[in-house]
1. Can you name every one of the helices (runs of 4 or more DSSP H) wholly within segment 94-200 that holds 1 or more residues which are touching a strand residue (DSSP E or B) at 6+ places or on another chain (Cβ under 9 Å)?
2. So, of the residues in segment 113-139 that are aliphatic (A, V, I, L, M) and under 22 Å from Thr84 (Cβ atoms), which turns out to be farthest from the chain's Cα centre (by Cα)?
3. Can you tell me which residue in segment 156-205 is nearest to the chain's Cα centre (by Cα), limited to those that are crowded, with 16+ Cβ neighbours inside 10 Å and among the basic types (Lys, Arg)?
4. Looking at (1) assigned by TED's automatic domain parsing to the domain that holds Val200; (2) without any contact (Cβ under 8 Å) to a residue 40 or more places away in the chain; (3) hydroxyl-bearing (Ser, Thr, Tyr), which one does Tyr184 not meet, given that it meets all the others?
5. Filter segment 69-93 down to the residues that are farther than 30 Å from Gly159 by Cα and part of a loop (DSSP other than H, G, I, E, B), then identify the one that is nearest to the chain's Cα centre (by Cα).
6. Against the conditions (1) surrounded by fewer than 17 Cβ atoms within 10 Å (Cβ to Cβ); (2) in contact with a helix residue (DSSP H, G or I) (Cβ under 8 Å, 6 or more places away or on another chain); (3) in contact (Cβ under 8 Å) with a residue 24 or more places away in the chain, where does Ile125 fall short? Just the number, please.
7. Report, by residue number, each residue of segment 177-211 that is farther than 20 Å from Pro81 by Cα and touching a Leu at 6+ places or on another chain (Cβ under 8 Å).
8. Quick check, is Gln221 assigned to a helix (DSSP H, G or I), touching a Ser or Thr at 6+ places or on another chain (Cβ under 8 Å) and surrounded by fewer than 19 Cβ atoms within 10 Å (Cβ to Cβ)?
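The values are calculated or read from the model by the stated rules, or taken from the named source; none is laboratory data. This is a predicted model, so every value here is computed, not measured. Virtual Cβ from ideal backbone geometry, glycine too; neighbours counted across all protein chains shown.
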Amino acid sequence: MATNNTDFENNADMTENEEVIAKPGRKAAAKPDTKDTEIAELKAQIAMLMSMMANNRNGSPEEKNSLLDEVTVVHLVERAPGLTTHIELTTTTLDMAKFGEQRTLDRRQAEELAGKYRSFFEKGIISFGAGNEEFAERCGLKTVKSYTYMTPDFVDKLGTLEVKDLEKLYKMVDAGHKAFILEYFQRKAIEGDPAFKNSVKIEALNRLSNNAMSGVALDLQTENE
């Protein structure tokens, strides 16, 4: 029995020792696989973060290219000699005097113009050129195509229109261009241009504008007496 007990104890010791040896052995075999997977996942996460940071810093190629797109701006009024429509943007300055003058901006400049000088668009002083309809729509603004009466000879023909055609045009245009027509007639009449120093046309415009031309009309009346 003693022998059996000793054998049992030896066997027990051996079993315990085997378990001690076997357990670390099984864990050691699993660890390299888990560690390699974790390292691979970590590298993938780092690569993704680096890519995201690069995109945020530099912008995607599509975004870069869009900033280089050209946007045309058209001047829709005629200024008196020596005066201009003055626009100051971060990277450029615009001065336009003639009706129909055009300037080309990149998209970033055009976006700044739309935000900073929105009232100029709303008054019809400037608009985006034809071909920029999608950009103008995103800004909630018009292009020159929206002004169907804005033909290339719009200003030149003002002095040649018959009274009925002048009245028709005045009723057709928006508020900003109504103001321009009145200012232009006043200026040209004061300059003595016979095409505009016409009492019948002045009276018609005065009536349509609720006496906005009363001063010029009175001057002409006095001059003709």
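1. On the way: elements: 107-116, 118-122, 133-139, 163-172, 175-191.
Hits in segment 94-200: 107-116, 118-122, 133-139.
2. Going residue by residue through segment 113-139, those that are aliphatic (A, V, I, L, M) are 113-114, 125-126, 130, 136.
Of the ones still in play, those that are also under 22 Å from Thr84 (Cβ atoms) are 113-114, 125-126.
Values: Leu113: 7, Ala114: 6, Ile125: 17, Ile126: 14 Å.
Among them, the one singled out is Ile125.
3. Here the residue is Lys178.
4. (2)
5. If we filter segment 69-93 for residues that are farther than 30 Å from Gly159 by Cα, which is where we start, we get 69-71, 88-93.
Cutting the leftovers down to part of a loop (DSSP other than H, G, I, E, B) gives us 69, 89-92.
Details: Asp69: 11, Leu89: 13, Thr90: 14, Thr91: 15, Thr92: 16 Å.
It comes out as Asp69.
6. (1)
7. Result: Ser199, Lys201, Ile202, Ala204, Leu205, Ser209.
8. Working: assigned to a helix (DSSP H, G or I): yes; touching a Ser or Thr at 6+ places or on another chain (Cβ under 8 Å): yes; surrounded by fewer than 19 Cβ atoms within 10 Å (Cβ to Cβ): yes.
Yes; evaluated as a whole, the condition is true for this residue.
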